[in-house]
1. Just checking, does the stretch A:110-118 include any residue being within 30 Å of A:Arg245 (Cα to Cα), among the hydroxyl-bearing types (Ser, Thr, Tyr) and touching a Lys or Arg at 6+ places or on another chain (Cβ under 9 Å)?
2. Criterion first (open to solvent by less than 10 Å² (accessible area, probe 1.4 Å), under 16 Å from the mean Cα position of the chain (by Cα), farther than 14 Å from A:Ser273 by Cα and not aliphatic (A, V, I, L, M)) does A:Gly87 satisfy it?
3. Kindly evaluate B:Gln75 against the criterion of being open to solvent by 50 Å² or more (accessible area, probe 1.4 Å), in a loop (DSSP other than H, G, I, E, B) and within 11 Å of another protein chain (Cβ to nearest Cβ).
4. Specify which of the listed residues (B:Glu69, B:Glu28) is of a type outside the set (Gly, Ala, Ser), surrounded by fewer than 19 Cβ atoms within 10 Å (Cβ to Cβ) and within 12 Å of another protein chain (Cβ to nearest Cβ).
5. I'd like to verify a number: residues in the stretch A:313-338 that are part of a helix (DSSP H, G or I) and either open to solvent by 30 Å² or more (accessible area, probe 1.4 Å) or without any contact (Cβ under 8 Å) to a residue 12 or more places away in the chain (or both), how many?
6. Quickly run through the stretch A:32-55 and pick out the residues that are assigned to a helix (DSSP H, G or I) and touching a residue at least 60 places away in the same chain (Cβ under 8 Å).
7. Please count how many residues of the stretch A:15-37 are at pLDDT below 95 and buried (at least 19 other Cβ atoms within 10 Å of the Cβ).
8. I'd like the residue in the stretch B:81-108 that is over 11 Å from A:Leu241 (Cβ atoms), of a type in the set (D, E, K, R) and outside any loop (DSSP other than H, G, I, E, B) and, out of all such residues, is least open to solvent (accessible area, probe 1.4 Å).
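The values are calculated or read from the model by the stated rules, or taken from the named source; none is laboratory data. This one's a predicted model, so the numbers in the text were calculated from it and none came from an experiment. Here Cβ is always computed from backbone atoms with ideal geometry, including for glycine, and neighbour counts include all displayed protein chains. Quick note on the areas: whole protein, heavy atoms, side chains included, nothing else; ligands and nucleic acids left out. Shrake-Rupley method; radii C 1.70, N 1.55, O 1.52, S 1.80 Å.
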Amino acid sequence: MTLSPTALPPTNARAYRALIARRLAILAGFAALLLLSVAVDISLGPARYPVADVVRTILSPGAADMQMRVVVWDIRMPMALLAVTVGASLSMAGAQMQTILANPLASPFTLGLSAAASFGAALAMVLGVALFPGALTLMVPINAFAMAMAAALLIFGLSTLRGVTVETIVLLGIALVFTFNAALALLQYFASEQALSAVVFWTMGSLTKATWGKVAVTAAILVVTLPLFARRAWALTAIRLGEVRAAAMGVPVRRLRLEALVLVSVLAAVPVSFVGTIGFIGIVGPHVARLLLGEDQRFFLPGALLAGALILSATSVLSKALLPGAVLPIGIITALVGVPFFMALILTKGRKAW
Amino acid sequence: MVTLALDQIGAGYGRQMILRGVTTPPIEGGALTALVGANAAGKSTLFRRIAGQLKGPGTVHFGGIDRTELRYMPQDTAMSAALTVFETIILALKQGGGWRLSAAELAQVEGVLARFDLSHLADRQLPELSGGQRQAVSIAQTLVTRPRIVLMDEPTSALDLYRQVEVLNALATYAEETGAVMLLALHDINQVMRSCRSVIALAGGQVLATGPTLDVLGPEMIRSLYGISCRVERCSRGCPMMIVDGVAQPT
């Protein structure tokens, strides 16, 4: 394509186009790293397979040997992919909570959704209480989901009241964290030894109960919510400049906030009910995306999604690689390994968006 | 000719009414109009009512124009997000639009940055800017869609003297070029006398006077608006200016 000199865009527009190109490259880099991480994740386990063989088994399952096919397709792939969908969901939920609540600390964890889910799960494990009687094998995740949604709806309901500011909502979330943690501690105090260890293990967060069904459910939620957020990309970005200013640009602030809260609740509650407490992703994923890509939601949203997926997938790799033969609970690794990395990132980048 | 007229406008928050029966003759476009009044006189409330953010009795008449061509710049300058100046302007341009940016849209952003002397800051992030720079960005953001009714709440409050003069000149030029109605809440009476054609004086949620700047802003009106005693005199070059003598004694 040739452009006559007069048609050349002025310098700032050119610089902006370059910025866009750089961001697309970063997103592509994230995606490539994610693919690599997933492949490595699948290759690791009690039986170690070369990454190349794993890739071959994934691409043409018919040609692989029976045992490897079962291990790769039925055991490891659901785990590896659940890490991706859960990481993406939690990070996207955190990103939009931070956006609509104008608070860098907002996440499914800090607003009490994780604590509520833990309490719901513990109700099932300790007392055998099913909040929705029926599918007893799914009692734990259903309880967890119900409590997380209840917490989300409480926050959601209160945020519709007149005169409730975003600060109030965040404080309320923190109050919920403490309330549910206290209730959980009470349950643990009365729990049998067996139930206690189940609860403790659940709250550490784990991908080991992954199934293709869980992968499908979490992926479906992502597929539904992502376009809904994407359609609102400009409005969501505008909200970060303040409510009054966004309203002045024609953004229906209250309605947008409510819609986003509903989507975010589902986006956070489902993964949490499947894998337990994984606290770190919902805060760090969005912050990594914000530091590298800025807050234009056209890039921030996919960035947060990919960053969250990559962090949890890489953590899954680490949880298997750190102690050969053992899979450490992933919730522990995210914090232990992620925090130093995160601290380094915020201290070196030094951009103060909040 | 674009005009804006207010007919018995009221507005408030909850049960507390701030504005009562605000009525003005048609405000004509093509020059700056100042909205003056003490703190808490109801200036911001009036802007939000005209912009449709607050409901209330009365009618806002838009002459020769659709209300979608109205843009309102709030007073709050605390913009802080990981966005560059260029992106911040784009945001105002693309609300309700698609993801892609055309060359014409980029040129529009470039143009408004140049108009307000912001081109050199285009790739800076908002948190890196000074308060005054942010205010200038906010003004550019308001005008990027080329609105024909513009409400600006204290657009010069964070600017140094040079930038105040520069921005008010640029706004007056914009009004002349586009014929837009430009209603600005301003506190500096001398700047109002220098740059605004007409004035709406607001006190206690009601209009005290409207009309050409010098007809409205005499010593008596300034005294009843702000409670100060002053003179309005001509300088050696014949320009009117206000000289403050002190706080008015209660009468």
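1. no
2. It is false that A:Gly87 is open to solvent by less than 10 Å² (accessible area, probe 1.4 Å), under 16 Å from the mean Cα position of the chain (by Cα), farther than 14 Å from A:Ser273 by Cα and not aliphatic (A, V, I, L, M).
3. Spelling it out, B:Gln75 is indeed open to solvent by 50 Å² or more (accessible area, probe 1.4 Å), in a loop (DSSP other than H, G, I, E, B) and within 11 Å of another protein chain (Cβ to nearest Cβ).
4. On inspection, the qualifying residue turns out to be B:Glu69.
5. 7
6. A:Leu33, A:Leu34, A:Ser37, A:Val38, A:Val40, A:Asp41
7. The number of residues fulfilling the criteria is 1.
8. B:Lys94
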